[in-house]
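Comments concern the structure below.
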């Protein structure tokens with residue numbers, strides 16, 4: 001599930017409407033976003049893609065911070081934040097990491 005994309009509008013003064021429109025179109029298509037998240041499923045811990053590091057032109061002006069979460073059977077999903085390249089990484093990274101750990105803990109405590 002991809003949600004919360006309208007929160008990027010808060011940073012509209014920093015990004016052009018055309019860039020946001022293309023990003024929202026990518027959310028609607030989901031294929032590229034799901035591919036990026038799939039890469040994060042295979043990694044351990046926090047993954048940070050800044051601008052062009054994501055490999056997707058549509059994300060050149062954004063950053064993506066992801067972390068996988070798992071159950072006893074293995075990795076179940078990925079939690080992540082997409083935001084401006086100048087986001088508050090010192091707040092976002094621990095938040096994404098903690099959220100993934102809490103989700104993993106909750107999944108593993110359900111027996």
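Points worth noting:
- A simple spin-label model places pseudo-atoms 7 Å from Cα toward Cβ; at residue 70 and residue 56 they are separated by 2.4 nm.
- With 0.36 nm allotted per residue and the present C-alpha distance subtracted, the residue 25-residue 38 stretch has 2.8 nm of extension available.
- Rel. contact order, % - alpha carbon contacts under 8 angstrom, at least six apart, region 65-104: 48 percent
- Extension gain, residue 86 to residue 48, is 12.4 nm, computed as 0.36 nm per intervening residue step minus the present C-alpha separation.
Readers should treat all values here as calculations from the given coordinates under stated rules, not as data from a laboratory. Computed from a predicted structure; not experimentally measured. Reconstructed Cβ throughout: ideal geometry from the backbone, glycine too, with neighbour counts over all protein chains shown.
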